[in-house]
Every structure is written in structure tokens, then in C-alpha cells.
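The structure appears right after this line, and notes come after that.
The values are calculated or read from the model by the stated rules, or taken from the named source; none is laboratory data. Bear in mind the structure is a predicted one, so any value in this text is a computation, not a measurement. Glycine gets a Cβ as well: all are built from the backbone with ideal geometry, and neighbour counts include every protein chain shown.
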Amino acid sequence: MLRNPFEDWGFALWRVLLVAGLGALVGLFVGRLWWGIAGALAIELARQLANLNDFLDWMRRRNRRDPPDSGGRWGDAVSLVSRLHRRKQFHKQRILRLFRELRRSTASMPDGVVALNADREILWFNRKAAELLGLRRKTDFGINLASLLRVPEFARYLEKGEFSSSLRIKPRIGEPTCLEFQGAPYGEGQLFLLVRDVTRQAQLETMRKDFVANASHELRSPLTVIAGYLETLSLGDDLPEDLRVPIQEMRRQSDRMTAIVSDLLELSRLEASDEQVLGQPIDVAALLAVLRKDLVTRDVGKHEVSVSIEAPDGLMGDIGLIHSAFWNLADNAAKYTPAGGKIELRWWVDELGGHFAVIDTGPGISPEHLPRLTERFYRVDPGRARDTGGSGLGLAIVRYVLQRHGAELRIESEEGQGSTFACHFPRTRLVREPVALTDDSGYSPIIGD
Amino acid sequence: MDTIERSQHISRRFNEDLERVRSQVLNMGGFVEQQLAKAVSALVEGDSTLGETVARDDFEVNRMEVSIDEECSRILATRAPAASDLRLIVAIIKAITDLERMGDECEKIGYIASRLATQERPADKYREIKHLGRVVQNIVHDSLDAFARMDAEAALKVARQDRLVDEEYEAIQRQSITFMMEDPRNIRRTLDVMWVVRALERIGDHAKNICEYVIFMVYGKDIRHVKLEDVESQLAQRGAKN
């Protein structure tokens, strides 16, 4: 600990006075009082200057020299400085060690990491990132990352600054390499970018899609033949009585299989592209009226189906796809709602966008099933589902259709209370004045009750 | 040595302007690279829609060229850059012209690809084009990398690779001539294919030009119309002096 500075200060002052006194004594002795005092003070000053010189010398080459051995105030200064120096050295070592540790650990990470500043220039990257993106140490710091990885989608991803989703790109067209990027903003506009090699996953996914598309395509032609013969057989009069029922059942099952296969084909068509559908303006009110009519004519008197249109707005979309999505939802409600139940088709618009909902009074779905409901062939009750005759692909189709319209599906349900399947469309999809519809596919939802 | 001092500007805005226009050029380069890859794959795979898409999207390249050109004029007028900044702007103005021409060649390939897609595809022919396309794509990619990094050594290396393209071009030409002599019914299609090969060769030349601008930017030395060996020895001398 430092000694009390006041004591020391006093001591130093006394020392100067003592030196002056000694000088005075010597001065008196030789008969020149003032010369004596001045000489003594000059010697003292020279000593202080020499100490200062030592001190500065040591400060300059602190690491290689021992501290000067000067007493008094200078000694205090030296010990204070060397203590500060030691402490700084200690912290520096610790930070350096930590930094080295950090660098080594990120180097061993299986994913690439790149840190970018607010101008998207490279601040730092780890070894894996260098390998995946072809970056070079030393030369590439400070270069805009989008200038080195010149894929237009990537530049757009960085520019948009919306990092809630990841981006998957193929950096070189014609090569299978596929990279996934996930940005994480930090600090004042800086960005942490994670890079992963997802080539294998992308290949598997393509293989799966291709397989489903090819398999359903190949299944279709034999099925058509089987269904055709079964139909001829069942219509013939010369059919033995004991074969009538089995053939009817075979016909029903082959119809079901045809439905599944065509749903699978539609799904793989939808999956083939991620691009948003432009489409044309759809008169939602007319579409819902048609859906209601179809439901009512199919299951006469089974449910009470109501339509409530709360906004005049129409919807921009592909009429064929939207019809199939809405019909799937309405059809599901009809299938799972017991006779005497109510089904409501509702369309409304608020500041978030347009919403279509199918509300039923069916048995409801328990919460653990909700997240998996849109998976292919997922069944809440595997035993019961087959007799409803669905393909198990309806909700998956709905999800893909909505995805390609920038919309999302939300399901709310409580067991015993019924369910609500709602489609939420962004505002950009709304049209003020829907045009009366006819379209290329020959489908025209025009009210005809 | 091979990076230009870009940090010592009194005006921070000026620096930002330069950086922005530079990254715009590389954006444009990235788009052209994509167009080239798509055009070659449209031809090789016989995908007529992809070919049409490439031909249609060329307007995007033109739009980028105009906007970068305007930006450069603005910088020249308002900032009056000097020394390395001036060289950067001059190099950019030249490079975007080359990029735009590359875009035009891609458009041509895309157009021919969509036309050839309707015809019978020869079993072996397009393999040559695929290979040449790969070489040219690499050259374009590396030249733009050199531009982004201001790496004169890499630029020189890429410029030397252009000879590879020329050799490949010769080989395909000779092969095509034999092909046409064997069966005159092939002439029409082979001529179309020759257009594509020619376009690819031109794209390689434009990439080489970009490399020359990189060297101009870094050393302030114009190496157009000079033999590459001479350039190398001159640059080596310079390197020794510094």
C-alpha cells in the first residue's frame, strides 16, 4: 500500500528545507549565506533531474530493464507504474488467451461463420467458411462479401436485411454444391453469417420429389386400365350374383386410388417450384357460393352450411389452385362434422390482409396433432380415417397452394368444440374490384342457385 | 503491393460512393455469370424455356450498365477523382461495357439454344460445348474475383488462360468442318453451334479485357495490345524496384 501522501509530501518539503538549511550553514561558514543556499538547492535539483531521467529511461524500455532504484517520491512513482504495468500485462495475456481459444474453437466448428460489418464487408471468417466460400485469409478482409459470392439471390438476401429465414443457393450453376445461409444481426448493423453445406440434403430432397412424381405417374396408366375394366364389368348384365359386391368394392377402391395418385401428382407439381403465383383477380364471394352449393348438393341435408362475406374485396391468385385449396378445407369440414352440425365459410378483410376461414362444429382436434396436420398422409385417427375416403393429402395441398400465394394456414381447434381452418392472405393479394370470372381451365364460379 | 490504398479519403461519402459503385459492378458481373451458366445449360440440356428466359432477361444487364454508367458520370462530375480513384472509375466504365457485351453474347446463346432445343440433339456435340462453357465460366468467375480483390497477379494468370479458350475454339471448329463434310444435312445446325462457340470465345476475350483493367487499376499501366510475356517481365521489374 502507498504511504500517506501528506506525510510524504511533508517529508519531502522538510527535506528541501533541510538541504537549504545545510546550504545556509555551509554558506555562513564560508561567509556567503545566499550562495550556500543556492548551491545546495542546485545540487538537490540536479539529483531530482537525474532521477527523472532514470525514470523516463526505464519507462521507455520497461520490458527489458529493472526499475531504477531511486528513493523518495520517485520510488513511489516507479512502484506505482510497475504495478499498473503488471496488471495491464496480466489482463492482456488473459484476453489474448481467450481470443486464441475463441479462434481455435470457431475454427473447429462444422459450420462456416463470417462476420460482416454494416456495409457488409468481411470482418472475419473461420476456416470452414473460407473452404465453403473460397475466401482467402489476409486479402479478403474488408471486401464486400456479395462481391466475392456473386449470386444475385444472395445479394438480395443481404440487402433485404430480413434474417428470420435462411437462404439456400447453388453458388455455381451446373454444380451440385448447395449452401445454406443464416444471418444473425448484432451490434450496430453488423451481421453474423452462418454457412452450411447442404448439398447432400438437397440431393436427397430432389431424389424424393422425383421419386414421388415418377411413381405416381407410372401408377396412373395401369390404374386407368383396371378402373376401365372394372367399370365395364360392373355395368354388364351377365355378371354372376356372387361377384357383384366384390366388383363394386373393387371399383370404389380403384376410384380412391386414382384420387390419391392424382393428388400426389398435383402435390409434386406444386412442389416443383417455389415461385409465387401471379394469377388473376378472383371473386371470393362467388367462389364461396359455388363451394356451398357443391357441398349442399353432395351431402343433402346433412349439415347446415352458411356463407358470410364481410368484405367486397377479391383475391389475386390462380383460380384453379385457390379453388382446390378452399374446396379441400370445406370438404374436410364436411367429412369430419357429424350430421346436423354447422359449417361456416367466412371471408373478411382487416389491416393485415384477407382471411378465409372454414368453421365447423365437428369433434375438434387435440392440440398434439395440430403441428403435424399438414404432413402427407398424417391421420389423427388412423382406424377411422379410411372410411371417409380422403387421400390424406388434402391439407398438404392446401399448405403448398397457400405458400405459393404468400399466404399461410392456421388451425385452431378444441376437442369437442369444433375447428377453424383459416387462410391468411397478405394485403398485396387483395383486389378492390374483383372481375367476374371465367378462366382458361374452363372453371367459372358464377352463382347459379 | 497489390491492393490500392482506398482508405485515405477526406470525405467519407466519397469512399462510400466508390465502394457502392464497385459492388454494383460485381453484382452485375454475378448476374452475367448466372446468365452464362443458364445459357450453356439451356443448350446442353435442350431446355427451350430456359433459353428464352436468358434471352428475355438480358434487359436487366443493360439496365445495370446504364445505371452504373450514370453513377460513374456523377462521381466524375461532382468529386473530380484523381490518381487511383480515377483509375478505378475509368476501369469500371470500361468493365461494364465488356460485361454488357458478355450479356449480349449470352442472349444470343440463349436464343440459339431455344431454337436448337426443338431439333434432334447430337449425341456427342454438346459435350464439347459443355466443356468449353465450363472453361469460359471459370475464366469469367476468376476475372471478376480478381476485380473484387484488386489482385493483379491473379488477373494476369486468368488473362493467360484465355489462350486455352482459343485452342478449344480451333479444335471445335475443325471438328465441325469434318462434321459438315460428312453429312450436308448437318450444316444448318452445325452453323448454329458455331455461333454459340464463337460467342463463348468472345466472352472469354471480354473476361480477359476485365483482367487488363484490373492490372491498369493496380499498377496504372495499360497493357492492352502488349504481349503477355512482356507485361510479365515489366511487372516483375517493377516488383523488383519497389
Residues of the range A:155-176 that turn out to be at negative phi and out of contact with any helix residue (DSSP H, G or I) (no Cβ under 6 Å at 6 or more places or on another chain), as a count: 14
Selection within the range A:81-118 - farther than 18 Å from A:LEU135 by Cβ, surrounded by 14 or more Cβ atoms within 10 Å (Cβ to Cβ) and of a type in the set (Gly, Ala, Ser): A:SER82
Could you please give the count of residues in the range B:189-237 that are assigned to a loop (DSSP other than H, G, I, E, B) and surrounded by fewer than 19 Cβ atoms within 10 Å (Cβ to Cβ)? 7
Just to be sure, is B:SER23 away from chain A (no Cβ under 11 Å) and either more than 14 Å from the chain's Cα centre (by Cα) or within 22 Å of B:ALA77 (Cβ to Cβ) (or both)? no
Would you confirm whether or not the range A:74-90 contains a residue that is touching a Pro at 6+ places or on another chain (Cβ under 7 Å) and at negative phi? yes
Among residues belonging to the range B:31-60 that are buried (at least 22 other Cβ atoms within 10 Å of the Cβ) and aliphatic (A, V, I, L, M), point out the one that is nearest to the other protein chains (Cβ to nearest Cβ). B:ALA37
Taking helices (runs of 4 or more DSSP H) that fall entirely within the range A:30-134, which contain at least 1 residues that are outside the structural domain of A:TYR157 (by TED's automatic domain parsing), closer than 30 Å to A:LEU194 by Cβ and hydrophobic (A, V, I, L, M, F, W, C)? A:72-107
Can you work out which of the residues in the range A:344-363 that are of a type outside the set (A, V, I, L, M, F, W, C) and in a strand (DSSP E or B) is nearest to the chain's Cα centre (by Cα)? A:GLY353
So which residues in the range A:158-186 are acidic (Asp, Glu) and touching a Ser or Thr at 6+ places or on another chain (Cβ under 6 Å), if there are any at all? A:GLU180
Residues that are surrounded by fewer than 18 Cβ atoms within 10 Å (Cβ to Cβ) and in a strand (DSSP E or B), drawn from the range A:316-343: A:LYS342
Inside the range A:20-29, the number of residues satisfying the requirement of being among the aromatic types (Phe, Trp, Tyr) and either within 23 Å of A:GLY71 (Cβ to Cβ) or not assigned by TED's automatic domain parsing to the domain that holds A:GLY71 (or both) is 0
Which condition number in (1) at pLDDT below 85; (2) surrounded by fewer than 15 Cβ atoms within 10 Å (Cβ to Cβ) is the one that A:TRP58 fails? (2)
Looking at (1) out of contact with any Leu (no Cβ under 9 Å at 6 or more places or on another chain); (2) surrounded by fewer than 15 Cβ atoms within 10 Å (Cβ to Cβ); (3) more than 14 Å from every other protein chain (Cβ to nearest Cβ); (4) without any contact (Cβ under 8 Å) to a residue 24 or more places away in the chain, can you tell me which one A:LYS138 breaks? (3)
Hey, any hits in the range A:308-329 for a residue that's in the same structural domain as A:ARG399 (by TED's automatic domain parsing), more than 20 Å from A:TYR400 (Cα to Cα), touching a Lys or Arg at 6+ places or on another chain (Cβ under 6 Å) and among the small types (Gly, Ala, Ser)? yes
Checking A:LEU194 against (1) surrounded by 15 or more Cβ atoms within 10 Å (Cβ to Cβ); (2) more than 22 Å from the chain's Cα centre (by Cα), which test does it fail? (2)
Total residues in the range A:415-432, condition small (Gly, Ala, Ser), at pLDDT 85 or above and either surrounded by fewer than 20 Cβ atoms within 10 Å (Cβ to Cβ) or outside any strand (DSSP E or B) (or both): 1
Got a number for residues in the range A:143-191 being at the interface with another protein chain (Cβ under 10 Å from one of its Cβ atoms), among the hydrophobic types (A, V, I, L, M, F, W, C) and assigned to a loop (DSSP other than H, G, I, E, B)? 4
From the list B:ALA77, B:ALA37, which residue is assigned to a helix (DSSP H, G or I) and in contact (Cβ under 8 Å) with a residue 40 or more places away in the chain? B:ALA37
Is one or more of the residues making up the range A:245-256 outside the structural domain of A:GLY320 (by TED's automatic domain parsing), free of Cβ contacts under 8 Å to residues at least 40 places away in the same chain, surrounded by 14 or more Cβ atoms within 10 Å (Cβ to Cβ) and among the small types (Gly, Ala, Ser)? yes
What number of residues within the range A:328-341 are free of Cβ contacts under 8 Å to residues at least 40 places away in the same chain and closer than 16 Å to A:ALA289 by Cα? 2
Can you name the number of the only condition in (1) crowded, with 16+ Cβ neighbours inside 10 Å; (2) under 22 Å from A:GLU175 (Cα atoms) that B:LEU164 fails? (1)
